[in-house]
Amino acid sequence: MNDLILPATLPYGRRATRLNTLASGHELEGYLNFCSALCRAQQVQAEVFLPEAQQSLIWQNGAPCHDPQAVLQGRWPAVLKGLLKQMVDPVTPWQSTVMRLQQMSAAQVQTCAQQILTLQWHELDRGAAPFVAAALQVDFLLRAQASTAPALTNHTQAHCPVCGFLPVGAILHDQRRYLHCALCESEWHHIRAQCVECNSGRDMGLWSLQEGARMVAETCGDCHGWLKQLDQDAQHDLMADDLATLELDAALSEQGFERISPNLLLFPGAF
């Protein structure tokens, strides 16, 4: 398997199905169903914009998600407009947020996008964030698909070598660990049993909600950071299953560990 894997397919429809399955009887059923609806809208918009996706110069600077000009040149505002049209539903708790977003100025939406990409989440409009993040994900995934994979020379790299964003967590493919980008969905090989945040391998631990669980959390006793790791199969989805295992997040927080990997479907206080 290659050390760097660009997204070959659109993951959103499969993710929506997984979220819908996980939502049944879950204490976060309402939010998981919202995320499922948002992912279905992402799938539609990605299919709409796929034919016009092409390689762009923004990928040549090594971290386009941190380049304001690169973000301005993206197609995500058009994707967002389509997402909002699809998400209009008078009986849902997010209807007022959709209407408010449709009335926001381009500058306000751009500010929200920049705050998401630079992780300035303490200033973030939590209601608008899931929709803007979803549009950014579609845009960056399509650009990643149309790009040429760079050679991966650093196997302890914490940021995505394609777009520069952070991983949502890690996936095991044939017992090799790959970090999975929370933004463009690319995956890159990272040495196992070594902290993604500080590169220490001295005091690593694995935590799970139950014995034999496919989803575990890897903790570092040196920097006290942690991220989730999924033993991948055809059924599970890292972003979806992350949302369904937030009890693990709470338990690790109580132990003094801090999450180092953002999930762009996870914005507490959104609704």
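The values are calculated or read from the model by the stated rules, or taken from the named source; none is laboratory data. Everything quoted here is computed from the prediction, not taken from an experiment. All Cβ positions, even for glycine, are placed from backbone atoms using ideal geometry, and neighbour counts span all protein chains on display.
Looking only at the stretch 228-271, how many residues end up being among the acidic types (Asp, Glu), surrounded by 20 or more Cβ atoms within 10 Å (Cβ to Cβ) and not in a helix (DSSP H, G or I)?
Count: 1.
If Pro93 satisfies all but one of (1) of a type outside the set (Val, Ile, Thr); (2) under 22 Å from Pro262 (Cα atoms); (3) touching a residue at least 60 places away in the same chain (Cβ under 8 Å), what's the number of the condition it fails?
(2)
Among all residue pairs at least 6 apart or on different chains, which show Cβ distances below 8 Å where the first residue, located in the stretch 132-151, is among the hydroxyl-bearing types (Ser, Thr, Tyr) and the second is part of a loop (DSSP other than H, G, I, E, B) and buried (at least 22 other Cβ atoms within 10 Å of the Cβ)?
Ser147/Val162
Looking at Ala128, Ala135, which one is over 29 Å from Cys195 (Cα atoms), outside the structural domain of Ser200 (by TED's automatic domain parsing), modelled with pLDDT of 95 or more and touching a Ser or Thr at 6+ places or on another chain (Cβ under 9 Å)?
Checking each option against the conditions leaves just Ala128.
In the stretch 61-101, which residues are part of a loop (DSSP other than H, G, I, E, B) and among the small types (Gly, Ala, Ser)?
Gly62, Ala63, Gly74
For the stretch 145-194, which positions are buried (at least 24 other Cβ atoms within 10 Å of the Cβ), part of a loop (DSSP other than H, G, I, E, B) and of a type in the set (Gly, Ala, Ser)?
Correct list: Ala182, Ser186.
Among (1) over 17 Å from Phe267 (Cα atoms); (2) buried (at least 16 other Cβ atoms within 10 Å of the Cβ), there is one condition Ala113 misses while meeting the rest; what is its number?
It fails just one condition, (1).
Give the residue, chosen from Glu185, Glu197, that is in contact with a helix residue (DSSP H, G or I) (Cβ under 7 Å, 6 or more places away or on another chain), closer than 24 Å to Leu119 by Cα and either at pLDDT below 95 or among the charged types (D, E, K, R) (or both).
Values: Glu197 fails: in contact with a helix residue (DSSP H, G or I) (Cβ under 7 Å, 6 or more places away or on another chain).
Exactly one residue qualifies, and that residue is Glu185.
I want to confirm something. Restricting to the stretch 55-103 and keeping residues that are among the hydroxyl-bearing types (Ser, Thr, Tyr) and surrounded by fewer than 17 Cβ atoms within 10 Å (Cβ to Cβ), which single residue is modelled with the lowest pLDDT?
Of everything passing the filter in the stretch 55-103, Ser56 is modelled with the lowest pLDDT.
If Leu119 meets every condition in (1) part of a loop (DSSP other than H, G, I, E, B); (2) under 19 Å from the mean Cα position of the chain (by Cα); (3) of a type outside the set (Ser, Thr, Tyr); (4) at pLDDT below 90 apart from one, which number is that one?
All conditions are met except number (4).
Residues Glu254, Glu211: which one is at pLDDT 95 or above and of a type outside the set (Gly, Ala, Ser)? Lay out the reasoning, then the answer.
Details: Glu211 fails: at pLDDT 95 or above.
Going through Glu254, Glu211 in turn, just one is at pLDDT 95 or above and of a type outside the set (Gly, Ala, Ser): Glu254.
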